[in-house]
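Working notes for the structure below.
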Amino acid sequence: MVTTAQTIIISGYYGSHNSGDEAVLKSILTALEEESRQAGITIKPVVLSSDPTWTQKMYGVEAVPRMSLGEVRRAIKNSDGLISGGGSLLQDATSPKSIPYYLAILKLAQWAGKPTFVYAQGIGPVQRKIFYPMIRSVFQRCEYVSVRDEQSAALLGTMKLKRPVVKVVPDPVMGLPLPAGSELHKAAFETDMDKIPIVGVSVRYWDKERRDLTAIADGLKRLAAERRVHLRFLPFHLPDDEQASRMVMDLLGDIRGTGSLVSMCDQVTDPQQMLLEVSRCSLMIGMRLHSLIYAASHQVPPLGISYDPKIDHFLSRVGSQPVGTTEALDGQKLANESMRLLDQRSQWIESQGAAIALLKSEARLPAQHIVNYLCRKG
């Protein structure tokens, strides 16, 4: 039995006020806390953050600057292990610097003799083959590697990773609970007009010509012309998604004559509060992966617009497929699919309920493994 607190470093894209990544962190912290409580041990998390002061205030945990080599090394030296994840950390689509950074953090822990764990990561795309042996070298020294989809596992297979056995688990956010005491607030929540269905909308900048956002606005306008709905824009990454949302709202124009409503959720950075917003919806139209995960985890049908294979991979796990891509999206199809899911929400919940329950349960597996490891080694 472990009698002293086990200090675990958590490395990821945290402290940048991205609701999706913050949801991953909150999910990991929650799972570790609950699993360690059941095991009768204490885990002290230390988060590597872009904004340590904010992270400490938001989660009540210790945090250090993720880009300060001296502070990161000291934190690792004084720890009992390091978690890398979750999210899409090891990819070179957004920057060639991401993979070397996250591998270097893992390597620092391994050099210090600390056990390392990869927690439900989405691996790839890795376009530069020079990174393959680097990833393999670091991962084969990890005590545990889990990824959030079969495609990530297959990519590691092409890198000829032999050890450890790669586990495929759901995204950690599938296990994120609503904030305490929120069920009564959720039940009492009403729109300003006779409880018309709320359609959540999560958009982001992607196509440089903004053709994707123009098509989304066209689809939403068609939907509002056919149904009285409350279009509720939910920005997941501030301030960019807020700006993208305002652009779509401007393209919509004044739709009050249709009997529909348009609003935007302002300045929500707490992932559980955003989860509560999504849980109130009857449908979630999303470009952000975690908007779709939030929705499915709380039985809100997700309607995804794909800009990355990770969107397709997740939707396939809940019996769905994208309504279109950022390169090819038809506004009429978006409106039609939205109306279909609004009409068939109960059928969707019935058909996907068992799969969603299993994903929520399996999202805890990495935390269980890490806590069991600490118990054995303690």
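Just a yes or no: is a residue in the stretch 207-215 in contact with a Ser or Thr (Cβ under 6 Å, 6 or more places away or on another chain) and touching a residue at least 12 places away in the same chain (Cβ under 8 Å)?
Checking the stretch 207-215: at least one residue is in contact with a Ser or Thr (Cβ under 6 Å, 6 or more places away or on another chain) and touching a residue at least 12 places away in the same chain (Cβ under 8 Å).
Got a sec? Which of Val371, Val300 is farther than 15 Å from Pro170 by Cα, in a loop (DSSP other than H, G, I, E, B) and open to solvent by less than 10 Å² (accessible area, probe 1.4 Å)?
Being farther than 15 Å from Pro170 by Cα, in a loop (DSSP other than H, G, I, E, B) and open to solvent by less than 10 Å² (accessible area, probe 1.4 Å) holds for just one of Val371, Val300, which is Val300.
Within the stretch 233-265, restricting attention to residues that are open to solvent by less than 20 Å² (accessible area, probe 1.4 Å) and over 12 Å from Val201 (Cβ atoms), which residue is modelled with the highest pLDDT?
Of everything passing the filter in the stretch 233-265, Ser260 is modelled with the highest pLDDT.
Could you list, in sequence order, all residues of the stretch 352-368 that are in a helix (DSSP H, G or I) and among the charged types (D, E, K, R)?
Scanning the stretch 352-368 gives Lys360, Glu362.
If you check Asp218, Asp212, which single one turns out to be part of a helix (DSSP H, G or I), over 25 Å from the mean Cα position of the chain (by Cα) and modelled with pLDDT of 90 or more?
Matching residue, one of Asp218, Asp212: Asp218.
Suppose we filter Ser50, Ser27, Ser68, Ser98 for residues that are among the polar types (S, T, N, Q) and in contact with a Phe, Trp or Tyr (Cβ under 8 Å, 6 or more places away or on another chain); which single one remains?
That would be Ser50, the only listed residue that is among the polar types (S, T, N, Q) and in contact with a Phe, Trp or Tyr (Cβ under 8 Å, 6 or more places away or on another chain).
Just to confirm my filter: which strands (runs of 3 or more DSSP E) fall fully inside the stretch 1-95 and include at least 2 residues that are open to solvent by 10 Å² or more (accessible area, probe 1.4 Å)?
6-14, 43-49, 62-65
Of the numbered conditions (1) at pLDDT 95 or above; (2) small (Gly, Ala, Ser); (3) surrounded by fewer than 23 Cβ atoms within 10 Å (Cβ to Cβ), Ala188 fails exactly one; give the number of that condition.
(1)
Pick from the stretch 316-339 the residues that are outside any loop (DSSP other than H, G, I, E, B) and touching a helix residue (DSSP H, G or I) at 6+ places or on another chain (Cβ under 7 Å): which of them is surrounded by the most Cβ atoms within 10 Å (Cβ to Cβ)?
Going through the qualifying residues, I end up with Ser338.
Might you check whether a residue that is part of a helix (DSSP H, G or I), at pLDDT below 95 and within 18 Å of Gly122 (Cα to Cα) occurs anywhere in the stretch 340-351?
No, that holds for no residue.
The values are calculated or read from the model by the stated rules, or taken from the named source; none is laboratory data. All values derive from a computational prediction rather than experimental measurement. Here Cβ is always computed from backbone atoms with ideal geometry, including for glycine, and neighbour counts include all displayed protein chains. The area values use the complete protein model at the heavy-atom level, side chains included, leaving out ligands, DNA and RNA. Shrake-Rupley method; radii C 1.70, N 1.55, O 1.52, S 1.80 Å.
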